Amino acid sequence: MEINPSEILQLAATIWEATLGLCIEPDVSGSFGNRPRSTAACIHITGAWNGALLLDCPVELARRAASIMFDTEPSKATVADLQDAVAELVNMLGGNFKALLPETCYLSLPAVVEGGDYSARVPGSKLLGRVAFICDGNAVSIAILEKMEAKAAA
Amino acid sequence: MTQTQTPNPVINPKLIVPFMNAVRQVFKTMAGVETTVQKPFIKPHPGASYDVCGIIGFSGDITGTVSVSFSDSAAQKLVEAFAGAPLDRSSPDFADAIGELANMIAGSAKQHLGGLASISVPSVVIGKGYTISNMTNSQCLVIPCGSPFGEFAVEVSIKQKTV
């Protein structure tokens with residue numbers, strides 16, 4: 001399967017604007033370096049297409065998103081609030097991405113990791129594409145991975 | 001590592017027993033070791049108590065996530081037994097092994113859960129001091145387990161779709 005990065009970017013732009021009232025712009029820097037802390041949310045898709053979406057978002061933006069979604073001061077947003085906010089964003093991304101897939105597909109519930117020293121992988125999958133954008137001065141990444149059938153039995 | 005336990009209101013054995021059996025079966029078959037399963041309890045708050053975590057998503061009639069979590073040392077020993085050779089935790093093969101183990105446990109349990117469900121490709125998180133939140137409205141049940149490699153836990157956060 002091939003993905004159109006522009007299409008994914010447009011999905012993200014629509015969701016970010018509708019949910020957070022924030023604009024995004026493509027990140028053309030080509031760098032996605034280490035940050036002190038980040039949240040990574042993963043949502044899986046099964047059915048006619050099998051794979052996952054990974055949303056990687058700096059803690060600062062997650063905090064901003066949580067403050068907007070839950071109408072709270074950013075400083076008062078808890079780790080759980082941040083995780084809920086990012087989970088909601090990846091859930092919407094997953095739902096919209098699913099609409100582009102052949103029928104019938106199912107979404108899992110999102111899982112969100114928050115921390116400063118971790119790596120997240122989706123074994124048995126291949127990277128179909130990655131979309132990077134800037135929102136409120138923060139670099140965000142969306143990776144789309146497809147399950148590799150040949151490696152599934154390894 | 002410690003787990004803070006809360007009094008257990010209700011734990012549905014139909015959701016627990018398949019995973020307890022799956023853990024025993026998979027470890028015996030793939031790593032050649034016996035495991036012990038301790039009393040499950042409801043996780044009081046999100047948070048990781050372990051360093052290496054394999055997460056599987058369920059979708060369909062049963063939705064949620066199941067994770068298998070290990071300390072670094074337990075994961076290293078288990079992967080060595082599973083793969084037949086030591087693997088560095090930064091190696092993709094290390095994550096593959098953890099993911100495959102989680103996949104087997106979830107797949108084995110799924111057959112006995114009832115209902116039609118699909119399981120996703122696994123996600124594997126490796127690190128220190130991170131928290132994982134599973135966005136379900138259901139309780140997260142922790143099944144503490146013991147093995148010759150060390151302690152580990154299976155966390156089940158799934159619910160069955162009501163008709």
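The values are calculated or read from the model by the stated rules, or taken from the named source; none is laboratory data. Because the structure is a prediction, the values reported are computed rather than measured. Note that each Cβ is placed from the backbone with ideal geometry, even for glycine, and that neighbours are counted across all protein chains shown.
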**Fill in**
For A:Ile15, the lone unmet condition from (1) touching a strand residue (DSSP E or B) at 6+ places or on another chain (Cβ under 6 Å); (2) in contact (Cβ under 8 Å) with a residue 60 or more places away in the chain; (3) of a type outside the set (Ser, Thr, Tyr) is (1)
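Please work out if B:Gln76 is free of Cβ contacts under 8 Å to residues at least 40 places away in the same chain and more than 14 Å from every other protein chain (Cβ to nearest Cβ).
Values: free of Cβ contacts under 8 Å to residues at least 40 places away in the same chain: yes; more than 14 Å from every other protein chain (Cβ to nearest Cβ): yes.
When the stated conditions are applied, B:Gln76 passes them.
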**Asked** Does B:Val125 qualify as being modelled with pLDDT of 90 or more and under 24 Å from A:Val90 (Cβ atoms)?
**Response** yes
**Fill in**
Here, strands (runs of 3 or more DSSP E) confined to segment B:109-158 with at least 3 residues that are more than 10 Å from every other protein chain (Cβ to nearest Cβ) and touching a residue at least 24 places away in the same chain (Cβ under 8 Å) are B:141-146
**Message:** Any residue at all in segment A:101-113 that's surrounded by fewer than 20 Cβ atoms within 10 Å (Cβ to Cβ), acidic (Asp, Glu) and more than 10 Å from every other protein chain (Cβ to nearest Cβ)?
**Reply:** yes
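Could you pull out the residue among A:Pro26, A:Pro74, A:Pro58 that is within 22 Å of A:Gly137 (Cβ to Cβ), under 13 Å from the mean Cα position of the chain (by Cα), of a type outside the set (Phe, Trp, Tyr) and away from chain B (no Cβ under 14 Å)? Step through it out loud before you land on a result.
Values: A:Pro26 fails: under 13 Å from the mean Cα position of the chain (by Cα); A:Pro74 fails: under 13 Å from the mean Cα position of the chain (by Cα).
Exactly one residue qualifies, and that residue is A:Pro58.
Here is a yes/no grid of residues against (1) over 26 Å from B:Lys161 (Cα atoms); (2) modelled with pLDDT of 90 or more; (3) of a type in the set (Phe, Trp, Tyr):
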position: B:Thr4; (1), (2), (3): yes, no, no
position: B:Pro7; (1), (2), (3): no, no, no
position: B:Lys43; (1), (2), (3): no, no, no
position: B:Val52; (1), (2), (3): yes, yes, no
position: B:Thr65; (1), (2), (3): no, no, no
position: B:Val68; (1), (2), (3): no, yes, no
position: B:Asp88; (1), (2), (3): yes, yes, no
position: B:Ala117; (1), (2), (3): no, no, no
**Asked** Quick one: which of A:Thr78, A:Thr46 is without any contact (Cβ under 8 Å) to a residue 24 or more places away in the chain and of a type in the set (S, T, N, Q)?
**Response** A:Thr78
**Among residues of segment B:49-66, those that are of a type in the set (A, V, I, L, M), surrounded by fewer than 23 Cβ atoms within 10 Å (Cβ to Cβ) and within 10 Å of chain A (Cβ to nearest Cβ), counted** = 0
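Just wondering, is there one or more residues in segment A:138-152 that are within 14 Å of another protein chain (Cβ to nearest Cβ), over 14 Å from A:Ala12 (Cα atoms) and in contact with a helix residue (DSSP H, G or I) (Cβ under 9 Å, 6 or more places away or on another chain)?
Start the filter on segment A:138-152 by keeping residues that are within 14 Å of another protein chain (Cβ to nearest Cβ), which leaves A:143-152.
Narrowing further to those that are over 14 Å from A:Ala12 (Cα atoms): A:145-152.
From what's left, in contact with a helix residue (DSSP H, G or I) (Cβ under 9 Å, 6 or more places away or on another chain): A:151-152.
Scanning segment A:138-152 turns up at least one residue that is within 14 Å of another protein chain (Cβ to nearest Cβ), over 14 Å from A:Ala12 (Cα atoms) and in contact with a helix residue (DSSP H, G or I) (Cβ under 9 Å, 6 or more places away or on another chain).
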